[in-house]
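The values are calculated or read from the model by the stated rules, or taken from the named source; none is laboratory data. Because the structure is a prediction, the values reported are computed rather than measured. Note that we place each Cβ from the backbone using ideal geometry, even for glycine, and neighbour counts take in every protein chain shown. For accessibility, only protein heavy atoms count, side chains too; no ligands or nucleic acids. Shrake-Rupley method; radii C 1.70, N 1.55, O 1.52, S 1.80 Å.
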Amino acid sequence: MDPVMNRIMQAQELASSGDRAGARSAFENVWRDVGTDPLHVVTLAHYMADVQDDPADELAWDLRALEAADSLTDARAQKHHASLQVAGFYPSLHLNLAADYKKLGRDAEAHLHLTQAQNAVGALGDDEYGHMIRGGIERLRAELTRDH
């Protein structure tokens, strides 16, 4: 058992139940202790972004998650769960960044990250998660196209 990942998942349960403020507070407490383990940083930052009220703060957390993923290895990820591959993180990370940039009216950057998300979807399985991410890419692409 990884106690840091357990704390992150407990905070994420608060977010999933609708307690964004409680989740944000719990994530902040974990952040103080998280250290430099890239799996911990990418996971925490990815979830922390989702409970931000300010789109600029959401972007900052999503950028932290992407930076941490760039230093994460498959070997480290697989110590947590044998099926994890870092390449599978990138479609979601880039999709989130594309959505952040769209919220901020930075459509060129949104398109760039959406393309990167699309280019990375080959790492996803033909499962519920893969379908969710692919659907998110298509929905955001349609929104960006419709807005212009």
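I need the helices (runs of 4 or more DSSP H) fully contained in the stretch 28-90, keeping only those with at least 3 residues that are without any contact (Cβ under 8 Å) to a residue 60 or more places away in the chain and touching a Pro at 6+ places or on another chain (Cβ under 9 Å). First the steps, then the outcome.
Details: elements: 38-49, 55-70, 74-80.
Helices (runs of 4 or more DSSP H) meeting the threshold: 55-70.
When you look at Arg106, is it among the basic types (Lys, Arg), under 17 Å from Leu66 (Cβ atoms) and more than 15 Å from the chain's Cα centre (by Cα), yes or no? Let's see the steps before the verdict.
Working: among the basic types (Lys, Arg): yes; under 17 Å from Leu66 (Cβ atoms): yes; more than 15 Å from the chain's Cα centre (by Cα): yes.
For Arg106, the condition - among the basic types (Lys, Arg), under 17 Å from Leu66 (Cβ atoms) and more than 15 Å from the chain's Cα centre (by Cα) - is met.
Going through the stretch 1-26 one residue at a time, which ones are of a type outside the set (A, V, I, L, M) and within 11 Å of His40 (Cα to Cα)? Working first, answer last.
Initial filter on the stretch 1-26 (of a type outside the set (A, V, I, L, M)): 2-3, 6-7, 10, 12-13, 16-20, 22, 24-25.
Scanning the stretch 1-26 gives Asp2, Pro3, Asn6, Arg7.
Yes or no: the stretch 62-70 includes at least one residue that is within 22 Å of Gly135 (Cβ to Cβ) and not aliphatic (A, V, I, L, M).
Keep residues of the stretch 62-70 that are within 22 Å of Gly135 (Cβ to Cβ), which gives 62, 65-66, 69.
The next check asks that each one be not aliphatic (A, V, I, L, M); those that pass are 62.
Within the stretch 62-70, one or more residues are within 22 Å of Gly135 (Cβ to Cβ) and not aliphatic (A, V, I, L, M).
From the set of residues in the stretch 24-43 that are surrounded by 13 or more Cβ atoms within 10 Å (Cβ to Cβ) and of a type in the set (Gly, Ala, Ser), which is nearest to Ala75 (Cα to Cα)?
Top of the filtered list is Ala26.
Out of everything in the stretch 44-71 that is open to solvent by 20 Å² or more (accessible area, probe 1.4 Å) and of a type in the set (Gly, Ala, Ser), what residue ends up being nearest to Pro3 (Cα to Cα)? Break it down into steps so the answer makes sense when it comes.
Of all residues in the stretch 44-71, those open to solvent by 20 Å² or more (accessible area, probe 1.4 Å) come to 46-47, 50, 52-58, 60-61, 63-64, 66-67, 70-71.
From what is left, the residues that are of a type in the set (Gly, Ala, Ser) are 56, 60, 71.
Numbers: Ala56: 30, Ala60: 25, Ser71: 21 Å.
Among those residues, the one meeting the criterion is Ser71.
Looking only at residues in the stretch 72-109 that are open to solvent by less than 70 Å² (accessible area, probe 1.4 Å) and hydroxyl-bearing (Ser, Thr, Tyr), which one is nearest to Ile137 (Cα to Cα)?
By that ranking, first place goes to Ser92.
Inspect the stretch 91-112 for any residue being modelled with pLDDT of 95 or more and touching a Lys or Arg at 6+ places or on another chain (Cβ under 6 Å) and give the result as yes or no. Break it down stepwise before answering.
Filtering the stretch 91-112 down to residues modelled with pLDDT of 95 or more leaves 91-112.
Narrowing the set further to residues that are touching a Lys or Arg at 6+ places or on another chain (Cβ under 6 Å) leaves 110.
Within the stretch 91-112 (the criterion being modelled with pLDDT of 95 or more and touching a Lys or Arg at 6+ places or on another chain (Cβ under 6 Å)), the answer is yes, since at least one residue qualifies.
Starting from residues that are of a type in the set (Asp, Glu) and assigned to a helix (DSSP H, G or I), keep the ones in the stretch 129-148 and report whichever is surrounded by the most Cβ atoms within 10 Å (Cβ to Cβ). Show your work before the answer.
Filtering the stretch 129-148 down to residues of a type in the set (Asp, Glu) leaves 138, 143, 147.
Filter once more, so that each one left must be assigned to a helix (DSSP H, G or I): 138, 143.
On the way: Glu138: 12, Glu143: 15.
Per the criteria, the residue is Glu143.
Exactly one condition in (1) among the acidic types (Asp, Glu); (2) surrounded by 17 or more Cβ atoms within 10 Å (Cβ to Cβ); (3) not in a helix (DSSP H, G or I) is not met by Asp126; state its number.
(2)
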